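Asks: This is the structure, below, for whatever I ask next.
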């Protein structure tokens, strides 16, 4: 399935910009596709076991994937996946 992946500015510098086309049947497969093409992104998107970090939120069509199966959430052609890292401040 063809998915549009939206990266935050802080991660866009590790890829070809803020908006990428990606392929996969699940969110995890989309993340693998992007991580393979842009290896510097891989450690920023998932841990060593291939799971999403607790401090990085993935939204599939504006829905938090944690409530829809996590990386196992199915994607459809034309879906949009947005990555939002937590930001600390004070």
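Asks: How big, in percent, is the set of alpha carbon pairs in the chain lying more than 18 Å apart?
Replies: 36 percent
Asks: For residue 68 and residue 54 in the same chain, what is the full-extension length gain: residue separation times 0.36 nm, less their Cα-Cα distance, in nm?
Replies: Here the answer is 3.5 nm.
Asks: Right, here's the next one. Say we join alpha carbon atoms closer than 10 Å with springs in a Gaussian network model of the chain; which of 70, 28, 17 then has the biggest fluctuation?
Replies: Highest fluctuation of the listed residues: 17.
Asks: Taking only the alpha carbons of segment 36-79, what extent do you get along each of the three principal axes, in Å, biggest first?
Replies: For segment 36-79, the Cα extents along the three principal axes come out at 25, 22, 15 Å.
Asks: Still on this structure, please answer the following. Arrange the following residues from fewest to most other Cβ atoms within 10 Å of their Cβ: 19, 75, 56.
Replies: Least to most surrounded, the residues fall as 19, 56, 75.
Asks: Still on this structure, please answer the following. To the nearest whole percent, what portion of all C-alpha pairs in segment 2-55 is separated by more than 12 angstrom?
Replies: Result: 62 percent of Cα pairs exceed 12 Å.
Asks: Continuing with the same structure: Please compute the contact order of the chain in relative form: average sequence separation of alpha-carbon pairs under 8 Å and at least six residues apart, divided by the residue count, as a percent. Each step should come with its number before you reach the end.
Replies: Working: 155 pairs, mean separation 33.4, N = 90.
Relative contact order here is 37 percent.
Asks: Now for a different question. At a 10 Å Cβ-Cβ cut-off, how would you order 7, 14, 60, fewest neighbours first?
Replies: By the 10 Å Cβ count, ascending, the order reads 14, 60, 7.
Asks: Once you have the Cα-Cα distance between residue 47 and residue 14, take 0.36 nm times their residue separation minus that, and quote the gain in nm to one decimal.
Replies: 10.2 nm
Coordinate-derived values only; no laboratory data. As the structure is a prediction and not an experimental result, all values here were calculated from the model. Counting neighbours? That spans all protein chains shown, and the Cβs are built from the backbone with ideal geometry, glycine included.
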